[in-house]
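Here the structure comes first, spelled out in structure tokens, and everything after it is commentary.
Readers should treat all values here as calculations from the given coordinates under stated rules, not as data from a laboratory. This one's a predicted model, so the numbers in the text were calculated from it and none came from an experiment. Positions of Cβ are generated from backbone atoms using ideal geometry, with glycine treated the same way; all protein chains shown enter the neighbour counts.
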Amino acid sequence: MADEIAVLIVDDSALMRNLIGKMVETTPGLCVAEKAMNGVFALQKIPRVNPDIICLDLEMPEMNGIEFLKERKKQGIDIPVVILSSIAEKGAGITIEALSLGACDFVTKPSGSISTDIHTVADQLTHLLIAYGGRYRRARGKTVPAPQPETPEKAENKKPLFSTTFGLWSSAPSEPAPPPQVLRKPGEMELITIGISTGGPDALRVVFSNLDPALKQPIVVVQHMPAGFTLEFAKSLDRICPLSVKEAEEGEAIKSGWAYIARGNKHVEVEKKAAGSILHLSDAPPVNGHRPSADVLFASAAMGFTNHVLGVIMTGMGRDGAQQLGTIYKEGGLTLGQDEKTAIVYGMPRVAYELGHVMEQVPLEKMGQRISQVAKEGHL
């Protein structure tokens, strides 16, 4: 089909190229543009096949994934890249370096470089290819495939992370429901909380680089990311943010001028005490299919900080955070949501908006400035 999202698959294993190719070809809306065994061949093929998205391995001979991303940047190639590699599990720093070099997101191969069980991450990978590839096509005035109707059996068996196709195709959101009844007026802001998922690594770099250096309120972020990656991700944000950024730790004090990234596979909650607020990590069951969960963070913030908290929900699949953002609203806190135009996946912010839990929608490029302004002024 003319409007299919064309994928360039770059992996040194012929078996992996074939397995990934079959996953792409059997996914409605996707097609294989070409395959390449390393970065050198990929760069040669890009002008000829003109892909919409690149699925890139990191461990390859002659030109590996990192070297390819550097050359891609040097040549001004803006085709989005999704990392698919075994090295992600043992080298989180390399994966985060790939993100800092312009890769959009990553998926880990389940069992090493040659993963015959690659089908176990098929849903995750194809959703990312559709989201980023579709956005690239739309930005160039091209059409994208219409969503395919699902059978009830397929919808019922779908994994929690992908329980919705919100944001993968352009469609107008429904009118929001009436907002919740507010118990009290907003007070002075003491805490900022952010829930974010697919598209988050890129989006958080934009937000954090645009924060006011004088921002006093601490920030706690739930970014859906596997265990082992959030430490390096926090370090990468610390390099570009005027605030200090670190991975959250159990029992540590929440300090002014700091931002805390929830640890992968751990819920994070905030507790307000007379002597100062602290962070708690938890192994409680996943919520909305996620651990950490934005709903868990938002609920604890609403309980402890009531009308002194700002809740922000941004790009991501599904509905995590949407419900408890309404609790922040109800308790007298303030809420912001990323707008549809700039969200790579308008899922989480869309559900929150349709529930009536978003007071104001903000484009990505203005989110850092708006967060700083609202935190300082205490009102929208």
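Using a 10 Å cut-off on Cβ atoms, rank the peptides 365-371, 7-13 from the highest mean neighbour count down.
Details: 365-371: 18.4, 7-13: 24.4.
Per-residue Cβ counts within 10 Å, averaged per peptide and sorted highest first, yield 7-13, 365-371.
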Label Thr26 and Lys376 with points 7 Å out from Cα along Cα→Cβ: what is the distance between them in nm? 5.5
In deg cm²/dmol, rounded to 500, what helix-only [θ] at 222 nm does the chain give when every DSSP H run of at least 4 residues adds -39500 (n - 2.57) and the total is split over its residues? -10000 deg cm²/dmol
Around Arg239, with a cut-off of 13 angstrom between Cβ atoms, what is the net charge of the other residues, counting Lys and Arg +1 and Asp and Glu -1? 0
Net dipole in debye of the chain [+1 Lys, Arg Cβ; -1 Asp, Glu Cβ; about Cα centre; nearest 20]: 600
Measure out, as a whole number of angstrom, how far apart the alpha-carbon centroids of region 47-66 and region 279-329 sit. 36
Formal net charge of residues neighbouring Arg350 (Cβ-Cβ distance under 14 Å; K, R +1; D, E -1): -3
Estimated FRET transfer efficiency (Lys70, Ala177; beta-carbon r; R0 30 Å; 0.05): 0.05
Could you list Cys104, Cys31, Cys55 in order of exposure, starting from the residue whose Cβ has the fewest other Cβ atoms within 10 Å? Cys31, Cys104, Cys55
GNM top mover of Ile20, Ile194, Ile77 - the chain, alpha-carbon springs below 10 Å: Ile77
Evaluate E = 1/(1 + (r/R0)^6) for Glu249 and Arg48, where r is the Cβ-Cβ distance and R0 equals 35 Å; express this FRET efficiency to the nearest 0.05. 0.10
Estimated inter-spin distance, Val206 and Phe41, nm [label 7 Å along Cα→Cβ]: 3.5
Reachable lysines from Lys22, criterion Cα separation under 17 angstrom, eight or more residues apart if same chain: Lys35, Lys109
What is the sum of charges around Ile278, taking Lys and Arg as +1, Asp and Glu as -1, for the other residues whose C-beta is under 12 Å from the C-beta of Ile278? -2
